[in-house]
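I have placed the structure first, in the form of structure tokens, so that the comments after it can refer back to it.
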Amino acid sequence: MERKIRVLIAKPGLDGHDRGAKVVARALRDAGMEVIYTGLRQTPEMIAEAALQEDVDVVGISILSGAHMTLVPRVVELLRANGQNNVRVFVGGIIPENDAAALLEKGVAAVYGPGSATSQIVKDIQDALIGAAA
Amino acid sequence: MSLVEALLAGERLALARLLSQVENDTPAGRAGLDALYAHTGRAHLVGITGSPGTGKSSLVNQLALALRRPPEGTPPLRVAIVAVDPSSPFSGGALLGDRVRMRDLSGDPGVFIRSMASRGALGGLARATAAAVQVLDAAGFDMILIETVGAGQSEVDIARLAHTTLVVEAPGLGDDIQAIKAGILEIADILVVNKADLPGADNTERALRMMLELANPGRDPHEHQGWRVPVLRTVAAQAQGIPEVIAAVQQHAQHLRSSGEWHSRDRARLTHELEDRLRSTLAEEFHRRLPAADYEAAVEALLQRQLSPSQAVEKLLRQADPARSPQSGSSNG
């Protein structure tokens, strides 16, 4: 059986706008990945727990609420604490440049702003994981 | 520590990783299954199936919640959930969304939820679902809830895997009789009318009772091998009717045990699995030894209508084993 890339798409925080998350989830599915969608208002703890149970390769966090500087590093921290050191985390949303740089420094693999092409996200994930695949 | 040892010691990451190995049918996954097999056979396997949109995931969520918070005096059960969603036939990818309805279960170490893509299998489960369930069984979960792909008529694999099968129906999903054809009705140990607060619930319930009657003419309409199939109403979104479903699931387990059917279902399931393995292993081995040219010649003979499929098989078997005595008559099996 062929190994599939597994991705968790999560939507933390209190805003209810999940269109972007759904668009990305679909694009990844159409690229042959298995995408676990968790729905709205996830806490970092919920995201890390789902990532563990689902043994995902990638966690995508969609965030528009402005709380990215607290929520995203917390997710990265929890993943590492659970032993999921190799899970790639990417973030999509409205993230100011300085914040994006800080998130990358804290272990986030990529930050995508509005207008990012989903094909770029697909390609980045494939580049990072194909070859690294067990 | 190996994955298997870590899993048996209760490490959730090891469990998650072994599930992936099993799902991908890797050598490590197969070795893990071999090592864990002696630890299986303890969990109560409960299937939840039904048409898309009947609220299977919400019902699973409520069932798990109730099992985790039982009435005083009974210990909570450790619950695993395997939720299967379809893979796209075009990209091979999948969007697995059952967790959206299960957020209430987050943060509870006595619950483990795993989403699975069907990966092209057609029976409502993935090919590796049975193996994944074995891993969860070995990991010590008391009850494993297996949610199928939104199934309609022929996706009845779940009945073979589960001890207890719930078929979920809801009002207003088109023609009630059409929605629940005989195939899927016959596998039900428990029928649930979910969304029972919607108009039309009475009609749905009546239709289900009528179908039960038609399926068992001249007998107690609900009775099958000593078990009366209950028709229960729930509103999963509001946690209504859940204790009754749990009670029915537990009564069914008791019934299976006291009637000996638990054992005979296990036996039937394992026989089927052995048969399946035997077939695929034998076929693989035969193919390895068979010269490709002989195989091609057989296909060509079929195309030219010189041999029937069963004659072609007979010929290939004789080529592989000249001492083989010809089958009596020409079977068309």
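The values are calculated or read from the model by the stated rules, or taken from the named source; none is laboratory data. Quick caveat, the model's predicted, so the values are computed rather than measured. Heads up, the Cβs are rebuilt from the backbone with ideal geometry, glycines too, and the neighbour counts pull from every protein chain shown.
Here are some notes:
- Any chance B:A6 is more than 17 Å from B:T129 (Cα to Cα), more than 14 Å from every other protein chain (Cβ to nearest Cβ), among the small types (G, A, S) and in a helix (DSSP H, G or I): no
- Search result, residues across the stretch A:29-45 that are crowded, with 20+ Cβ neighbours inside 10 Å and facing chain B (nearest Cβ under 7 Å): A:R29, A:A31, A:M33, A:E34, A:V35, A:I36, A:Y37, A:T38
- Taken over the stretch B:33-58, the residue count meeting the criterion of being of a type in the set (F, W, Y) and modelled with pLDDT under 95 is 0.
- Scan the stretch B:9-52 for residues that are away from chain A (no Cβ under 13 Å) and crowded, with 16+ Cβ neighbours inside 10 Å and the total you get is 14.
- Taken over the stretch B:84-99, the criterion of being free of Cβ contacts under 8 Å to residues at least 60 places away in the same chain and either outside the structural domain of B:Q62 (by TED's automatic domain parsing) or outside any strand (DSSP E or B) (or both) is satisfied by B:S88, B:P89, B:F90, B:S91, B:G92, B:G93, B:G97, B:D98, B:R99.
- B:G140 being on the phi > 0 side of the Ramachandran plot and at pLDDT 95 or above: yes
- Residue that is surrounded by the most Cβ atoms within 10 Å (Cβ to Cβ) [pool: residues in the stretch B:53-70 that are closer than 17 Å to B:I158 by Cβ and not small (G, A, S)]: B:K56
- Residue match in the stretch A:103-123 (condition: basic (K, R), surrounded by fewer than 17 Cβ atoms within 10 Å (Cβ to Cβ) and either closer than 24 Å to B:M116 by Cα or touching a residue at least 60 places away in the same chain (Cβ under 8 Å) (or both)): yes
- Within the stretch B:39-66, residues that are without any contact (Cβ under 8 Å) to a residue 40 or more places away in the chain reach no partner that is aliphatic (A, V, I, L, M) and assigned to a helix (DSSP H, G or I) with beta carbons closer than 9 Å at six or more positions or on different chains.
- Restricted to the stretch A:77-96, and to residues there that are more than 19 Å from A:L14 (Cβ to Cβ) and under 10 Å from the mean Cα position of the chain (by Cα), the residue that is surrounded by the most Cβ atoms within 10 Å (Cβ to Cβ) is A:V89.
Here is a yes/no grid of residues against (1) part of a loop (DSSP other than H, G, I, E, B); (2) hydroxyl-bearing (S, T, Y); (3) more than 21 Å from the chain's Cα centre (by Cα):
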residue: B:A14; (1), (2), (3): no, no, yes
residue: B:L45; (1), (2), (3): no, no, no
residue: B:T49; (1), (2), (3): no, yes, no
residue: B:G53; (1), (2), (3): yes, no, no
residue: B:S58; (1), (2), (3): no, yes, no
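- Positions within the stretch A:1-23 being under 21 Å from A:S119 (Cβ atoms), more than 14 Å from the chain's Cα centre (by Cα) and within 9 Å of chain B (Cβ to nearest Cβ), in sequence order: A:K4
- Evaluation of A:R26 against (1) at pLDDT 90 or above; (2) over 17 Å from A:L129 (Cα atoms); (3) touching a helix residue (DSSP H, G or I) at 6+ places or on another chain (Cβ under 7 Å); (4) facing another protein chain (nearest Cβ under 9 Å) (one fails), failing number: (3)
- Segments classed as helices (runs of 4 or more DSSP H), wholly inside the stretch B:202-314, with at least 1 members that are surrounded by 15 or more Cβ atoms within 10 Å (Cβ to Cβ) and without any contact (Cβ under 8 Å) to a residue 24 or more places away in the chain: B:242-259, B:292-303
- Counted residues, the stretch B:250-300 - those being within 17 Å of the chain's Cα centre (by Cα) and hydrophobic (A, V, I, L, M, F, W, C): 5
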